[in-house]
């Protein structure tokens, strides 16, 4: 597996640069992510940093890098897995482990309450996620909720609402994960895997017609080129706060306790407050002149049926029948 080679190479090259330090010594933690200061990642990071400084009496501080200072989000995840950075907040990086794509499985949660029960602190997915992170040389500090997702539509093209008929010829940008391609081909789109950093230019030039997996908070990133946002609620986006496993396990018990406490409090705040942010984003989307479209019950049922039919068997092949049985039960899927 590519990651194992990266980890071994980094361990030798860096000499495990982030080794154990005593409580008496200052411990500076590199935390980086790609989102701007309007995103929930920033609020969580600030709360964590302030609380960790307080708990540790200033002996553990955060060297904070928002906005992609350390590179693309996939690059930062790999840096954390290798030990070149301590922490990040990210999405599922399926190139490292295809099991991680279970986080974007369609139509598992129906509302925020079920979203928290399935994906939040103490949820049914924590054991699954902890196992994946451990295998990738990372420790999961928590999941951070964003919102339900939909897709954006660029100016100059018709907005699809009936699937697969309306989606024919529509070039939909998807992240580079096999399950995304399965989903959008099944619903009639032409799936175009593409790095997030290329999306804006591709929408401007017409290389793509839309971007999939978009929560409301990310619609305005492309507001100058968009015509509509179709809020399909097809998956509940939650993201991953991970730390390098070797670094974390090298901390003293007291230091681990400080990190865990500060992270738990910041994650709890996120789950208690993220839902209230959702209406604000929709107001801003409409103020920007972008039409918000929700499917009719009939359109939504047809779309959901196609997503579930292709994704659940695919993911069962990745995770196994036992784990998928638990997820199906949570989602109310037979």
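Here, each number is a calculation from the coordinates, and none is a lab measurement. Since the model is a prediction, treat every value here as computed from it, not as a measurement. Quick reminder, even Gly has a Cβ in these numbers, built from the backbone with ideal geometry, and neighbours come from all protein chains shown.
Using 20 Å as the cut-off for backbone N distance, which residues of segment 262-279 belong to the label zone defined by a point 7 Å from the Cα of residue 69 along Cα→Cβ? Residues 263 qualify, since their backbone N sits under 20 Å from the label point. Quick one: grab the alpha carbon gyration tensor of segment 217-334, order the square roots of its eigenvalues as a ≥ b ≥ c, and give me rounded if a/c is under 1.5, else prolate or oblate depending on whether a/b is larger than b/c. It is oblate, given that a/c is not under 1.5 and a/b is not larger than b/c. Assuming a ≥ b ≥ c are the square roots of the Cα gyration tensor eigenvalues, decide whether segment 173-242 counts as rounded (a/c under 1.5), prolate (otherwise, with a/b larger than b/c) or oblate. Rounded shape, in that the Cα axes give a/c under 1.5. Projecting the alpha carbon convex hull of the chain along each direction and taking the average yields 16.4 nm².
Taking a ≥ b ≥ c as the square roots of the eigenvalues of the alpha carbon gyration tensor, segment 199-274 is prolate, as a/c is not under 1.5 and a/b beats b/c. Of interest is the spacing of the C-alpha centroids, which for segment 284-334 and segment 156-211 amounts to 17 Å.
Normalised by the number of residues in segment 28-177, the mean separation of alpha-carbon contacts (under 8 Å, six or more apart) gives a relative contact order of 20 percent.
Among DSSP beta bridges lying fully in segment 140-223, give the percent that are antiparallel, nearest 5.
Once the DSSP bridges in segment 140-223 are tallied, antiparallel ones form about 35 percent.
Global dimensions of segment 125-259 from alpha-carbon coordinates: Rg and Dmax equal 18.4, 59 Å. Spacing of the modelled spin labels on residue 197 and residue 46, each 7 Å from Cα toward Cβ, amounts to 2.7 nm.
To the nearest ten degrees, helix 126-135 and the longest principal axis of the Cα atoms of the chain are 60 degrees apart. A simple spin-label model places the labels of residue 135 and residue 157 3.5 nm from each other, with each point 7 Å out along Cα-to-Cβ. Of all DSSP beta bridges in the chain, what percent run antiparallel (nearest 5)? Percentage antiparallel, nearest 5: 55.
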